[in-house]
Amino acid sequence: MKETIINHTIFDLCTGASMEIKTKLAQLFIEQAENKIADLTIALKSLDISNIERLAHSLKSSVALFGAQKISDLAEEVEDKACGGDISTISEDHITHLNSLIQLLVLELKDFLLKSEVKT
Amino acid sequence: MNKIKVLVVDDSPDMRLVLIRTLKENNFPCDEAQNGLEAYEKIMADSEIKLILLDLLLPDISGIELLEKLTDIRKLRDFKVCIISGKRDRETVVKAIQQGVNDFMVKPIYPDALIAKINSLFQLGNAVDQYQKISTTLKAKLGSTPIEPDLIILTVSEVGMELQSSAAFEMNYKIELSCAMLSNASGLPSPFHCRVTSCKKISFGKYNVQANFIGVGEEVITKIRALAVRGVKISDESK
């Protein structure tokens, strides 16, 4: 079975399994995904530690609603490094990896929205 | 409609969406703020707010800084603060406890867990009665005799304590956190003794936890009210 980014059990738990709220969350994340990763990249380039910590923390919380554990773990790693003041160990690879996982999540969310439209 | 008005303070629109919807579905009047200063203004302007669900990492001031700003107003008005955060490091938790938060939830937050938490925070009646009964009994027992260390042993049970996962680490962490919060709420003198005596899983993510507190006489009596108002079951097992 193909491994997915979204854990639908967690997604249901976090939203009370409401299609309305799941749809809104998916739309919101798709709208914001590019900005999230762009802001994080800018913060990293400008060595803005507190912003890196906050943005990674916010990303971690957002993706946790979809049960996207891999992204959540990676965002937490970035957050922890920033929190410890050690951003020298946050590499571009971290951000590239985060970005590719987020793109996969966006694709899955778009697919989810399409299927939910078909159902309704 | 519930009378407990809740203010959700979180910079993530998705978290606010989920929390506000959960509250509205359960008939809680609510409002939202996306940063610390907006929250501060709303709290100052609206005396109906009885509970603040507060994220710790906000874009302007931190949740801890907001709590510091609210110190004076909290002396005059009765509202509770429950931290909702993805941050789970010990230092943050300790800082939040020092600022007198009433409870702590780790994201992701499930709707039913949130409602259970609010109900638990505001179920005061029985717990306060329980406190008064124990307080009277203990005072009668102590009388004017010198107070000795380890004189009073309180057994504290937190029923249906929420755990985010059944993983052992999480479990231990939450137990430690719960004990830290209980000890802070009780204002027990340091050093005190707090020992978890049992931890039983009752359903997915929920545990019954029992712990013993051993503290010094009068101080325990006069300060356990904070525990009682949190809805924590307390029984006196002193000899």
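The values are calculated or read from the model by the stated rules, or taken from the named source; none is laboratory data. Owing to the predicted nature of the structure, the values given are computational and were not obtained by experimental measurement. A quick note on method: Cβ atoms are made from the backbone with ideal geometry, for glycine too, and the neighbour counts reach across all protein chains shown. When the accessible area is computed, the model is the full protein with side chains, heavy atoms only, and any ligands, DNA or RNA have been set aside. Shrake-Rupley method; radii C 1.70, N 1.55, O 1.52, S 1.80 Å.
Say we look at region B:96-110 and pick out the residues that are modelled with pLDDT of 80 or more and more than 19 Å from A:ALA68 (Cβ to Cβ); which of these is nearest to the other protein chains (Cβ to nearest Cβ)?
Going through the qualifying residues, I end up with B:MET105.
Restricting to region B:111-132, and then to whatever is open to solvent by 30 Å² or more (accessible area, probe 1.4 Å) and at pLDDT 55 or above, can you tell me which residue is nearest to the other protein chains (Cβ to nearest Cβ)?
My answer is B:ASP112.
Using beta carbons and a limit of 8 Å, which pairs, at least six apart or on different chains, have the first residue in region A:15-26 and at the interface with chain B (Cβ under 8 Å from one of its Cβ atoms) and the second one of a type in the set (S, T, N, Q)?
A:GLY16/B:THR22; A:ILE21/A:THR15; A:LEU25/A:THR15
Do we find a residue being within 14 Å of another protein chain (Cβ to nearest Cβ) and open to solvent by less than 60 Å² (accessible area, probe 1.4 Å) anywhere in region B:65-81?
Checked against the condition, which is being within 14 Å of another protein chain (Cβ to nearest Cβ) and open to solvent by less than 60 Å² (accessible area, probe 1.4 Å), region B:65-81 yields no hits at all.
Taking A:ILE6 as meeting all but one of (1) away from every other protein chain (no Cβ under 12 Å); (2) at pLDDT 90 or above; (3) over 12 Å from the mean Cα position of the chain (by Cα), write down the number of the exception.
(3)
Is there any pair linking a residue in region A:73-90 that is in contact (Cβ under 8 Å) with a residue 24 or more places away in the chain and within 17 Å of A:ILE37 (Cα to Cα) to one that is open to solvent by 60 Å² or more (accessible area, probe 1.4 Å) and aromatic (Phe, Trp, Tyr), with Cβ under 9 Å and at least six apart or on different chains, and which?
Hits for this filter: zero, empty list.
From the list A:ILE37, A:ILE49, pick out the single residue that is open to solvent by 50 Å² or more (accessible area, probe 1.4 Å), more than 10 Å from chain B (Cβ to nearest Cβ), more than 25 Å from A:SER116 (Cα to Cα) and touching a residue at least 12 places away in the same chain (Cβ under 8 Å).
A:ILE49
With respect to A:GLY67, is the statement that it is within 14 Å of another protein chain (Cβ to nearest Cβ), more than 17 Å from A:LYS36 (Cβ to Cβ) and surrounded by fewer than 18 Cβ atoms within 10 Å (Cβ to Cβ) true?
Answer is no for this residue.
Table: residues versus (1) touching a residue at least 24 places away in the same chain (Cβ under 8 Å); (2) open to solvent by less than 30 Å² (accessible area, probe 1.4 Å); (3) among the β-branched types (Val, Ile, Thr); (4) within 13 Å of chain A (Cβ to nearest Cβ).
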residue	(1), (2), (3), (4)
B:VAL9	yes, yes, yes, no
B:LEU17	no, no, no, yes
B:ASN27	yes, no, no, no
B:GLU32	yes, no, no, no
B:ASN35	yes, no, no, yes
B:GLU41	no, no, no, no
B:LEU51	yes, yes, no, no
B:LEU54	yes, yes, no, no
